[in-house]
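Working notes, beginning with the structure itself.
The values are calculated or read from the model by the stated rules, or taken from the named source; none is laboratory data. Since the structure is predicted, the reported quantities are computational estimates derived from the model, not experimental observations. With ideal geometry, Cβ positions are generated from the backbone for all residues, glycine too; neighbour counts draw on all protein chains shown. Areas reflect the complete protein model, heavy atoms only, side chains present, ligands, DNA and RNA absent. Shrake-Rupley method; radii C 1.70, N 1.55, O 1.52, S 1.80 Å.
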Amino acid sequence: MQHDDNTSTERPAFVTHLECSYTGERLPADTVQNLSPAGKPLLVRYDLAGVKKALTKEALAERPPDLWRYRELLPVRRAADIVSLGEAMTPLIALPKLAAKLGAREIIVKDEGRLPTGSFKARGLVMAVSMAKALGIKHMAMPTNGNAGAALAAYATRAGIKSTIFCPEDTPEVNVSEIELQGATVYRVNGLIDDCGKIVAEGKSKVGWFDVSTLKEPYRIEGKKTMGLELAEQLGWDVPDVILYPTGGGTGLIGMWKAFAELEAIGFLGKKRPRMVAVQAAGCAPMVRAYEEGKEHAPRWEDAHTIASGIRVPQAIGDFLILRAVRESGGFAIAVTDQAISEALSEVARSEGLLLCPEGAATYAAYKQSLADGRIKPDERAVLFNCATGLKYPLPPVTRTLDRHAPIDFAAL
Ligand SMILES: Cc1ncc(COP(=O)(O)O)c(C=O)c1O
């Protein structure tokens, strides 16, 4: 086995068509597409019976541990179009001390901060950019809360594709800098991510760029889907009882739900599904409101604010898909305050040595809240998604100093 087998070897592809997630209308694969004619996200469909014949768990186990090991369930047909920066499988990290403290069976973090550009956005963007390369796209643009823009910048540059990125003006400094440094042109906009999205949409006809906004093209979700494929494989082809996912645009949650269905269709999983829990911040919780009101769609959340910038998404085009996955799975949507997020971040770092991002910390805060109100049972195996490295975010200052020239009171250290 060569370390780059997954990205250098030709493997059979099984994409059959694209399908409107709302109406079921079919569109041809291998053509440049944004939304469906109904204005809804497009999903990639595969000949799953063909995948079932072509792929075994044993063959998969032999492959190098990166996202491209699932090629048969991915849209990129030719190895030459794969634009990789080393998308390693991310580890599952148990939180045994906190589980013991809470009297819970098992809490596991899937730590996505290990991916290129430090977040799970790499999964979606590596796929979107590889497909853009395959389809001959020359210029891509997107609105971002930071992490997605960083991943687009890195992969687009790698592929020789121009990228233009728009972020809210208070996007974390490190994100804005990494985007620019990785070869994109980035603009701070005095608005939120959906305001940035309007600029990208308008520029489509005026500049001619390809709009790679969340769920406005079919392939980011295919990349995010690999979180579900990987998780099931890492658990020995099983799923946890409950997944807590920090939900903004919802691509990851929708993608994992799609992954589990595809794994069942190819005989790798049974009927069991995890309960999907959409975690949002109290200052921006459109999905929670729609879930509680029993609605299919989630109207815009006004005055959105939270320290978890990645999930500050006032309105999501895939709202009905998020809510559908949450309800079909028997899960729920839950909001946590910024204070609970900060406390969770500190608690996990100080007791387990694991630095989460605020969005990841939100899932731990939501877990504790749900355990307390009985929506999650202590005997359930829970997986929390930490979607980015905590190092990308402002950290609390440390003020303790020591004068090496003065006598040191070692007894007090
Ligand atoms: C760290 C982090 N967590 C969660 C999210 C939300 O992801 P999704 O769009 O899949 O809901 C984002 C999106 O920007 C993010 O950066």
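Just a few scattered comments:
- A simple count of charges around Lys377, restricted to other residues whose Cβ falls under 10 Å of its Cβ and scoring Lys, Arg +1 and Asp, Glu -1, yields -1.
- Full extension of the segment from Leu27 to Thr185, taken as 0.36 nm per residue of separation minus the current Cα-Cα distance, would add 53.7 nm.
- Loop trypsin sites (Lys or Arg not before Pro), the range 356-413 (other Cβ atoms within 10 Å of the site Cβ: 14 or fewer; DSSP): Arg400, Arg404
- Helix 121-134 axis, angle to the chain major axis (alpha carbon atoms, nearest 10°): 20
- Cα-based shape type of the range 125-204, given that a ≥ b ≥ c are square roots of the gyration tensor eigenvalues and the cut on a/c is 1.5: oblate
- Expressed as a whole percent, the accessible area of the chain that falls on carbon and sulfur atoms is 53 (1.4 Å probe).
- Candidate aspartates and glutamates - alpha carbon under 19 Å from Lys53, same-chain residues fewer than 8 apart omitted: Glu10, Glu62, Glu72, Glu233, Glu262, Glu264
- Stokes-Einstein diffusion coefficient of the range 114-250, Kirkwood radius over Cα pairs, 37 °C, 0.692 mPa s, in µm²/s: 215
- In this structure, the amide hydrogen of Thr16, modeled 1.01 Å from its nitrogen in the peptide plane, lies closer than 5 angstrom to those of Arg45, Tyr46, Asp47, counting only residues at least 5 positions away or on a different chain.
- Taking amide H positions as modeled 1.01 Å from N, with prolines and chain starts lacking one, the residues under 5 Å from Leu356 and 5 or more places away or on another chain are Ala349.
- Förster-model FRET efficiency, 60 Å R0, Thr399 and His139, C-beta, rounded to 0.05: 0.80
- Taking every protein chain into account, the 1.4 Å probe leaves Arg275 with about 50 Å² of accessible area, to the nearest ten.
- In the range 313-411, the inverse of the mean reciprocal separation of distinct Cα atoms equals 16.4 Å; this is its Kirkwood hydrodynamic radius.
- Estimated vicinal HN-Hα couplings, Hz - the range 392-398 in sequence order (Karplus 6.51, -1.76, 1.60; Gly, Pro = x): 7, 10, x, 10, x, x, 10
- Percentage, to the nearest whole number, of Cα pairs in the range 259-374 over 23 Å apart: 37
- When the convex hull of its Cα atoms is viewed from all sides, the range 301-353 shows a mean projected area of 5.0 nm².
- Table column - 3J(HN,Hα) (Hz), the range 202-208, Karplus curve with 6.51, -1.76, 1.60, x for Gly and Pro: 5, x, 4, 7, 7, 9, x
- Using the Karplus relation 6.51 cos²θ - 1.76 cosθ + 1.60 with θ = phi - 60°, the per-residue 3J(HN,Hα) values for the range 259-276 come to 4, 5, 5, 5, 5, 5, 4, 9, x, 8, 10, x, 7, 4, 10, x, 6, 9 Hz, with x marking Gly and Pro.
- Take every pair of alpha-carbon atoms less than 8 Å apart whose residues are at least six positions apart; their mean separation over the length of the chain yields a relative contact order of 16 percent.
- Across the range 62-157, the mean sequence separation of Cα contacts (distance under 8 Å, 6 or more residues apart), normalised by length, yields a relative contact order of 28 percent.
- Think of it as helices only: each DSSP H run of n ≥ 4 in the chain is worth -39500 (n - 2.57), and spread over all residues that comes to -10500 deg cm²/dmol at 222 nm.
- Of the GluC sites (Glu not before Pro) found in the range 6-48, the ones in coil according to DSSP and having at most 10 other Cβ atoms within 10 Å of their Cβ are Glu10.
- Translational D in µm²/s for the range 198-244 (Stokes-Einstein at 10 °C, 1.306 mPa s, Kirkwood Rh from C-alpha pairs): 120
- As a ratio to 2.2 N^0.38 Å, the alpha-carbon radius of gyration for the range 367-411 is 2.23.
- The range 185-267 pair-distance distribution - Cα-Cα, 10 Å bins, rounded %: 15, 37, 25, 17, 6
- Whichever lysines have a C-alpha closer than 24 Å to that of Lys295, once near sequence neighbours (fewer than 8 apart) are set aside: Lys40, Lys216, Lys258
- For the range 244-293: rounded, prolate or oblate by the Cα gyration tensor [a/c cutoff 1.5]: prolate
- Under a 5 Å amide H cut-off, with hydrogens placed 1.01 Å from N, Val336 pairs with Gln280, Ala281, Ala282 among residues at least 5 apart or on other chains.
- Å³ per residue enclosed by the Cα convex hull of the chain: 164
- For the range 4-119, the direction-averaged projected area of the alpha-carbon convex hull comes to 10.6 nm².
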